[in-house]
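Working notes, beginning with the structure itself.
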Amino acid sequence: SREEDIISQQEASRILVRGMAHEIKNPLGGIRGAAQLLARELASDDQREYTHVIINEADRLRSLVDRMLGPNKALKIAPTNIHEILERVRTLIEAESKGRVRLKRDYDPSIPEFTGDKEQLIQAFLNIARNAMEAAFENGHPSEPPMITFRTRVLRQFTIGHTRYRLVCRVDVIDNGPGIPQDLLQNIFYPMISGRASGTGLGLSITQSIIGQHHGLVECESEPG
């Protein structure tokens with residue numbers, strides 16, 4: 001029933017975002033078009049600067065709304081290896097952290113290939129790993145270096161929502177950061193919810209959408225450290 005709650009929350013969130021995106025994009029198009037027409041009528045470059053601001057801000061908002069909607073491309077389904085995906089993510093995190101995060105692998109080599117969109121799954125796991133990296137940097141223990149563990153396992157006869165699967169692939173991304181406050185934990189997969197001042201709150205929402213398209217589920221468990 002907890003999984004059903006998560007799935008219904010995701011669906012409600014998607015419907016809300018789609019409706020909101022539609023309501024924002026329509027007037028934005030009108031504002032941008034009017035600003036372009038106005039720019040043609042203006043003789044002074046100083047005045048045109050104001051219309052450029054309107055056009056640029058309209059484009060920025062449109063881009064934000066598109067990111068809220070998540071990937072809208074159809075999945076390119078092909079045989080996919082989970083460890084190939086995680087190794088790409090690991091390489092990217094190693095480069096982004098400049099080697100300051102210890103990356104541990106705990107893989108089950110017996111996991112078979114499955115069908116999925118490799119590029120979108122890389123994006124999904126990279127969003128999670130980036131959050132883990134930022135959390136690991138905040139652990140505040142000089143004796144404990146920032147660390148992320150990538151773990152893969154096979155689960156048998158496992159139910160997601162109403163569907164029972166003979167085999168599922170479970171991936172854990174574990175960090176040794178300070179943990180997520182309990183009041184934030186329930187809502188972190190909603191768009192625009194972030195625990196960081198600089199965060200957009202879109203990474204995990206996009207991840208949830210991609211994993212959902214692959215008939216999977218994203219869950220978060222947290223405790224201090």
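Do you know the Lys pair count in the chain for C-alpha distances under 25 Å, with sequence separation 8 or more or different chains? Write down the numbers at each step before the final one.
Working: Lys25/Lys73; Lys73/Lys118; Lys76/Lys118; Lys98/Lys118; Lys104/Lys118.
For the chain, qualifying lysine pairs total 5.
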Within the chain, helix-based [θ] at 222 nm, where runs of 4 or more DSSP H residues each add -39,500 (n - 2.57), nearest 500: -17500 deg cm²/dmol
Extension gain (nm, one decimal) between Asp5 and Asp108, 0.36 nm per residue minus Cα-Cα: 34.1 nm
Considering only the chain, percent of DSSP beta bridges that pair antiparallel, nearest 5: 75
Å² of accessible area per residue within the stretch 18-164, as computed with a 1.4 Å probe and no ligands counted: 64
Values of log10 I(q)/I(0), in the order q = 0.16 Å⁻¹, for the stretch 27-152 under a Debye, Cα-only, solvent-free model: -0.86
The chain - Rg and Dmax from Cα coordinates, angstrom: 21.0, 71
Helix runs (DSSP H) in the chain reaching 24 Å along axis by Cα, Kyte-Doolittle at least -0.5: 2-41, 118-137
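Tell me, what is the FRET efficiency for Cys220 and Arg48 to the nearest 0.05, using R0 = 45 angstrom and their Cβ-Cβ distance as r? Could you put the intermediate results ahead of the total?
Details: r = 48 Å, r/R0 = 1.07.
That pair, Cys220 with Arg48, gives E of 0.40.
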Highest-fluctuation residue, Leu16, Leu103, Leu37 considered, GNM on the chain with Cα pairs under 10 Å: Leu37
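Can you send over the carbon and sulfur percentage of the accessible area for the chain, probe radius 1.4 Å, protein chains only? Before the final figure, lay out each step's value.
Values: 7340 of 14010 Å².
Here it works out to 52 percent.
The values are calculated or read from the model by the stated rules, or taken from the named source; none is laboratory data. None of these values were measured; they are calculated from a predicted model. Cβ atoms come from the backbone with ideal geometry, glycine included; neighbour counts cover every protein chain shown. Quick note on the areas: whole protein, heavy atoms, side chains included, nothing else; ligands and nucleic acids left out. Shrake-Rupley method; radii C 1.70, N 1.55, O 1.52, S 1.80 Å.
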